[in-house]
């Protein structure tokens, strides 16, 4: 946990750098107490217990919204998947958007991201949707499938990743 607390400023800095030129965006931070981020590895569906993240949401054009997430691999709840991520050597998994989303399938947007696992970064396409829950909360749903071999996680086939995360508005005066 102590090393992970330092990752939240990284998430804010990354989204600020990506969305800095976009006027009208709203900065939101992940509500880590209510997030569910799961991976399925070797038939074990498990979740990350320690997460941090930020969302730069553009209400005028949600396709221009950006995300930066940091996931503590030592917090993976099931032992077999946690060991595959090798948290002692690689304590963090990152997901950072790289460009604007495009219209996707089934009412979702296709958001290009870079995913970093075990210090290996690969491009991926997250299928995302945003739900405005209130004036202060936007909920992100995202899913993708990663290839285990791309991240030296062995011959485990595909790894589904599902993110259900509420983001809360950051007080602009405190930034």
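Residue 135 falls short on exactly one of the conditions (1) modelled with pLDDT under 95; (2) loosely packed, with under 14 Cβ neighbours inside 10 Å; (3) within 16 Å of the chain's Cα centre (by Cα), and that condition is (3).
Residue 97 falls short on exactly one of the conditions (1) at pLDDT 95 or above; (2) buried (at least 18 other Cβ atoms within 10 Å of the Cβ); (3) touching a helix residue (DSSP H, G or I) at 6+ places or on another chain (Cβ under 8 Å); (4) closer than 18 Å to residue 38 by Cα, and that condition is (4). Every listed requirement among (1) surrounded by fewer than 17 Cβ atoms within 10 Å (Cβ to Cβ); (2) assigned to a helix (DSSP H, G or I) is met by residue 81 save one, (1). Filtering the range 101-120 down to residues that are in a strand (DSSP E or B) and without any contact (Cβ under 8 Å) to a residue 24 or more places away in the chain, which residue is nearest to the chain's Cα centre (by Cα)? Among them, the one singled out is 114. Could you please find all residues in the range 149-164 being in contact with a helix residue (DSSP H, G or I) (Cβ under 8 Å, 6 or more places away or on another chain) and either at positive phi or surrounded by 15 or more Cβ atoms within 10 Å (Cβ to Cβ) (or both)? Once the filter is applied, which keeps residues that are in contact with a helix residue (DSSP H, G or I) (Cβ under 8 Å, 6 or more places away or on another chain) and either at positive phi or surrounded by 15 or more Cβ atoms within 10 Å (Cβ to Cβ) (or both), the range 149-164 yields 153, 154, 156, 157, 159. Residue 88 fulfils the conditions (1) closer than 20 Å to residue 156 by Cβ; (2) modelled with pLDDT under 95; (3) in a loop (DSSP other than H, G, I, E, B) except for a single criterion, (2).
So which residues in the range 35-58 are touching a residue at least 60 places away in the same chain (Cβ under 8 Å), surrounded by fewer than 17 Cβ atoms within 10 Å (Cβ to Cβ) and assigned to a loop (DSSP other than H, G, I, E, B), if there are any at all? Passing the criteria: only 42.
The values are calculated or read from the model by the stated rules, or taken from the named source; none is laboratory data. Note that this is a predicted model, so its numbers are computed, not measured. Please note: Cβ atoms are built from the backbone with ideal geometry, for glycine as well, and neighbour counts cover all protein chains shown.
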